There are 2 protein chains.
Amino acid sequence: MIRVALDAMGADAGVEPVVEGACRLSLESGPIHVTLVGDPRQIERALGARRADRSRLAVVAADGAVRMTDKPVEALDRMPGCSVLTAARLVRDGQADALVSAGNTGAVILAAARSFARIPGIRRVALAAVYPTALRHGPRRDPFALMLDVGATLGCTAEELVGFAVMGSAYSRVVSQIERPRVALLSNGSEPQKGTPAVVAAHAALARLPSIEFVGNVEGVDIPRGTVDVVVCDGFVGNIVLKMLEGVAAVALDLARKAYERRLLWRLGLGMLSRGLRQLQTLTDWKQYGGAPIVGFDHVVIKAHGRSNAQAIRNALKVAAKAVERGLEQQIRTALEPLGLAEQ
Amino acid sequence: MIRVALDAMGADAGVEPVVEGACRLSLESGPIHVTLVGDPRQIERALGARRADRSRLAVVAADGAVRMTDKPVEALDRMPGCSVLTAARLVRDGQADALVSAGNTGAVILAAARSFARIPGIRRVALAAVYPTALRHGPRRDPFALMLDVGATLGCTAEELVGFAVMGSAYSRVVSQIERPRVALLSNGSEPQKGTPAVVAAHAALARLPSIEFVGNVEGVDIPRGTVDVVVCDGFVGNIVLKMLEGVAAVALDLARKAYERRLLWRLGLGMLSRGLRQLQTLTDWKQYGGAPIVGFDHVVIKAHGRSNAQAIRNALKVAAKAVERGLEQQIRTALEPLGLAEQ
């Protein structure tokens, strides 16, 4: 049985979609047990209204919850018994194997940093994001690729970028089941000497690393295309790129809606173009589906989107269980060995 | 009369579209004289086949031309009499007021660097790009914004970013006729303390600079939306962002083409959707339209796209003339004055 500690309090829409996601998963086959952490009255009320296999669900009380607008350090200092810290402690103390939260991203990372250790050889943890691509990836033909870091690491060293590449490769192998994920550095040119000094040095180090399938540098044009399975960059660039994808999707959706409303509705009815519009909507909502891994800790941490619906929470729980079951941490440790970083 | 030196040799399709663009412009009203620089036989042959006002065209012979695949330093060293260097020298020596080239970007920048001085207070020149946005800008409601640097500046200092902001603002005012262009720094958050140390320091400096309308930081999502008129970033980020826009446009065009081919052609004929497709094509080809300014030199330099057609060359010539006529260089100098940078 894989046990996931689920912060029940952080999502934008409150406990309802979070509890509903856990209930759905409890009725499916698969060895996953979920501990819902938060206000027990709210959780029990939501549980009472739903079908669920209660033998695969538990509730642990927590005192307080971090809101999206809270400053992480201040909020965790003020509420040492809050849901995300309590859930992280369950994992630290061996009562659960992975942490899932749809709450404030900074608070999730900070709660993990205060509760877990980093994997030896990993200097900085990374927030990864799954994003939609034109090309498909892996045995399941997923129309998604992984990018990291999209968090807050500024001015990464070459060694940190190498760590991101190793962790992204391991995550892609474990969760997307791509045997040798194709990993690339994002740069301003494909040649090995293109990029910042850190990118150039990371390129040289990765080219000598047998444990991952490093294919060199990719450029901006390769991101929407999806040329590789894992795109590695520092958090400043990753944040800009990810938010730009959101902006492009929103603009495309808006244009399509206008075209649809103005001219097409009365000509074509609700036929194929409404299907196309729904596809586009899905694309713009991709962040809801599944979760964003926070990699580098000695425990699995999955950040679900704040706007997650029940299905997205269920998916995030399944992703967390899969990462535990297939040994994400050990895969990262093994891939780091040739670098001798673990000895530091 | 504003005199433009036009490198006739560098475009992907040879002298034909370049000469054609100059001929078209010569037949329009407006005080622009163009000197075509390159192989006189090729130029005269192309001129002979076309209608033009020869009183507003001249030809200056040059020996050799840089190709797109050439390495700029090596090519300019090997061919000191090549077309782009000869055209730049005409400007340096006062025989022309601006340089326009559709050739190898690196060679254009290098030829300018070898022939011109930088404006006092500008440490590094920048390659700017006009890109399509959802929102419209300025009195002409242009669906475009300006981004700089998209060239090769890595690891810019705060002072360099401030210089880009000043130059972008002046260019937008002069060419797009936006009286107080809204200028922003691209960062990983809108708060003043977000970003790399250089971005944070540039934010503080720009907030104190009265000569430009600095609105703070924008994020990736604001790029396709077009929240501001001028987006400032270092060349590494700018290159990735610009190429990503190309990639997104290519993917969107590909998706639209497939949808069109597969299902819509026989249902709708060549009606409104083919118009939509053409619009999208235009969007993906935006780089062809007009030119990318290289700002920071004491002379106007416009880089037209290598795939420019005659209309794009005509537009680049007009943009160059407008920048000269409205005193781009003096506008930059004036905006830099409050910083006291000109004294360095």
Quick one: which residues, 5+ away or cross-chain, put their amide H under 5 Å from the amide H of residue A:137? H built at 1.01 Å from N. A:142, A:144
Over the residues of the stretch B:200-250, compute the C-alpha Rg and express it relative to 2.2 N^0.38 Å. 1.30
Taking the convex hull of Cα positions in the protein assembly as shown, its mean projected area over all directions (nm²): 33.4 nm²
Can you order the peptides A:153-163, B:19-29, A:15-25, A:62-72 by their average number of other Cβ atoms within 10 Å per residue, highest first? A:15-25, A:153-163, B:19-29, A:62-72
Compactness index (Cα Rg / 2.2 N^0.38 Å), the stretch A:5-74: 1.13
May I have the extent of the alpha carbons of the stretch B:1-149 along their three principal axes, as whole Å values ordered from largest to smallest? 45, 38, 29
Taking a cut-off of 12 Å between Cα atoms, list the aspartates and glutamates near residue A:318, but don't count ones fewer than 8 places away on the same chain. A:28
Hydropathy at least 1.0 by Kyte-Doolittle, axial extent at least 30 angstrom from the Cα trace: which helices of chain B, defined as entire DSSP H runs, fit? B:235-259
Taking the Cα centre of the protein assembly as shown as origin, work out the dipole magnitude from +1 charges on Lys and Arg Cβ and -1 charges on Asp and Glu Cβ, in debye rounded to 20. 2280 debye
Compute the normalised compactness of the stretch A:96-141: alpha-carbon radius of gyration over 2.2 N^0.38 Å, N being the residue count. 1.56
Per residue, the convex hull volume that the Cα atoms of the stretch A:288-339 enclose (Å³): 69 Å³
Dipole in debye (nearest 20) - chain B, about Cα centre, beta carbon charges: Lys, Arg +1; Asp, Glu -1: 1140 debye
Show me the trypsin sites (Lys or Arg not before Pro) within the stretch B:200-251 that DSSP assigns to loop and that have at most 16 other Cβ atoms within 10 Å of their Cβ. B:208
If all Cα-Cα distances of chain B are sorted into 10 Å bins from 0 onward, what percent lands in each bin, rounded to whole numbers? 6, 25, 31, 24, 11, 2, 0
Taking every pair of alpha-carbon atoms in the stretch B:95-207, what share in percent sits in each 10 Å bin, from 0 to the bin with the longest distance? 12, 39, 37, 12, 1
Report ³J(HN,Hα) in whole Hz for each residue of the stretch B:71-78, in order, from the Karplus equation J = 6.51 cos²θ - 1.76 cosθ + 1.60 where θ = phi - 60°; Gly and Pro get x. 7, x, 4, 4, 5, 5, 5, 6
Highest mean packing first, using Cβ neighbours within 10 angstrom, the peptides B:229-235, B:296-302, B:41-47 sort as B:229-235, B:296-302, B:41-47
Over the whole of A:217-223, what's the average partner chain Cβ count within 10 Å per residue? Rounded to a whole number, please. 6
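Values quoted throughout were computed directly from the atomic coordinates according to the rules given, and no laboratory measurement underlies them. Everything numeric here is computed off the predicted structure, so don't read it as measured data. Ideal geometry is used to build each Cβ from the backbone, glycine not excepted, and the neighbour counts take in all protein chains shown.
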